[in-house]
Amino acid sequence: QVQLVESGGGLVQPGGSLRLSCAASRSIFGIYTMGWYRQAPGKQHELVASIRPSGSTNYADSVKGRFTISRDNAKNMVYLQMNSLKPEDTAIYYCNAAFKGFDDWGQGTQVTVSS
């Protein structure tokens, strides 16, 4: 099991940027697929982006070209750089660590995009 702590959320104007960070309690190197999910009020939980131990990435169509996921295995950190933010990106963002069918989750960080 790995504990995850997200940070970096906040209020930003449309078109702005935020960088979310996720700190893992132990090594994620070569083991976990790391992901960012989000849930907006009244909407389903959805995958935003994921990154495999190999470094390959996957993005939801709605964020392609605007968001970038990255990982620093030496620091046990995962990041989500969010650019050109839109009001529809408003949600609670959760960090996820997945390994052989097991999932660990952070507590979430609120992102609000509003003028």
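Descriptive notes on the structure:
- From the options D61, D89, residue that is crowded, with 20+ Cβ neighbours inside 10 Å, out of contact with any Leu (no Cβ under 8 Å at 6 or more places or on another chain) and charged (D, E, K, R): D89
- Close pairs (9 angstrom Cβ cut-off, 6 or more residues apart or separate chains): open to solvent by 50 Å² or more (accessible area, probe 1.4 Å) in the stretch 67-79, of a type in the set (S, T, N, Q) and part of a strand (DSSP E or B) anywhere: T68/T57; T68/Q81
- Selected residue [basic (K, R), at pLDDT 95 or above and out of contact with any His (no Cβ under 8 Å at 6 or more places or on another chain)] from K64, K75: K64
- Of all residues in the stretch 62-93, those satisfying the criterion of being charged (D, E, K, R) and not in a strand (DSSP E or B) are K64, R66, K75, K86, E88, D89.
- Residues of the stretch 1-43 satisfying the condition of being more than 15 Å from the chain's Cα centre (by Cα) and farther than 16 Å from N96 by Cα: L11, V12, Q13, P14, G15, G16, P41, G42, K43
- Some residue of the stretch 45-53 being under 23 Å from Q107 (Cβ atoms), among the small types (G, A, S), in contact (Cβ under 8 Å) with a residue 12 or more places away in the chain and open to solvent by less than 20 Å² (accessible area, probe 1.4 Å): yes
- Within the stretch 1-22, the only residue that satisfies the criterion of being open to solvent by 30 Å² or more (accessible area, probe 1.4 Å), in contact with a Gly (Cβ under 9 Å, 6 or more places away or on another chain) and among the small types (G, A, S) is G9.
- For A98: the one exception among (1) assigned to a loop (DSSP other than H, G, I, E, B); (2) touching a residue at least 40 places away in the same chain (Cβ under 8 Å): (1)
The values are calculated or read from the model by the stated rules, or taken from the named source; none is laboratory data. Predicted model only: the values in this text are computed from it and were never measured. FYI the Cβ positions are ideal-geometry reconstructions off the backbone, even for glycines, and counts take in every protein chain you see. With ligands, DNA and RNA removed, areas are computed over all heavy atoms of the protein, side chains included. Shrake-Rupley method; radii C 1.70, N 1.55, O 1.52, S 1.80 Å.
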